[in-house]
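Visitor: Have a look at the structure that comes next, please.
The values are calculated or read from the model by the stated rules, or taken from the named source; none is laboratory data. Remember, predicted model here, so these are calculated numbers, not experimental data. Cβ atoms come from the backbone with ideal geometry, glycine included; neighbour counts cover every protein chain shown. Keep in mind that these areas ignore ligands, DNA and RNA; they rest on the heavy atoms of the full protein, side chains included. Shrake-Rupley method; radii C 1.70, N 1.55, O 1.52, S 1.80 Å.
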Amino acid sequence: KIRSRQTLSDREIGLLGATKIPIYKILNVASAMNSAVASTQANKYADIIAKDILYSYINDLFDMVVASTSGSDFMHGEKGKQYMAGITESRRQVNRMKSNNFEELSRYVDMVRETQLYERMLVANMSPALAESMRYAGSLR
């Protein structure tokens, strides 16, 4: 849809809004690249984006659990304090995984940028005829 400039559905827009990762921008840039590279990138990003959405969903569930139990007598006792400590620790672990996920995304983006730099350097060192042939082939997508 990005390549053909089609309008996104409400579900697709909802997916874009479910994460802080700039999915549309990433896919837009990837669509301008070689289709094999774009496909590989999309698959790698899909895993990272799915994890980010999952971690956000789990945190939302923690919020709902805390909100639904906060007024109960159970929460004022020792067991309630232990329960909240468990939720707090679980949330900390989920946020650590989310942070690791963003670090993975950052490393992957760096690798992609480095590869693009190498591609530009290779094209710059090609003969003009070969470079023009590659540009022409790329325009046929």
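Visitor: Which residue pairs have Cβ atoms under 8 Å apart, sit 6 or more places apart or on different chains, and have a first residue in the range 87-109 that is within 15 Å of I26 (Cβ to Cβ) and a second that is of a type in the set (F, W, Y)?
Guide: These pairs meet every condition: N101/Y55; L105/Y45; Y108/Y45.
Visitor: Still on this structure: Hey, among S99, S127, S106, which residue is at pLDDT below 80 and exposed (fewer than 12 other Cβ atoms within 10 Å of the Cβ)?
Guide: On inspection, the qualifying residue turns out to be S127.
Visitor: Which residues, counting only those in the range 5-17, are assigned to a loop (DSSP other than H, G, I, E, B) and open to solvent by 70 Å² or more (accessible area, probe 1.4 Å)?
Guide: Matches in the range 5-17: R5, Q6, T7.
Visitor: So M97 fits all but one of (1) within 26 Å of R3 (Cβ to Cβ); (2) under 24 Å from the mean Cα position of the chain (by Cα); what number is the exception?
Guide: M97 satisfies every listed condition except (1).
Visitor: Say whether the condition of being within 30 Å of N43 (Cα to Cα) and not in a helix (DSSP H, G or I) is met by at least one residue in the range 133-141.
Guide: Yes, the range 133-141 has at least one match.
Visitor: Working carefully through the options Y24, Y55, find the one that is in a helix (DSSP H, G or I) and at pLDDT below 85.
Guide: Of the residues listed, the single one that is in a helix (DSSP H, G or I) and at pLDDT below 85 is Y24.
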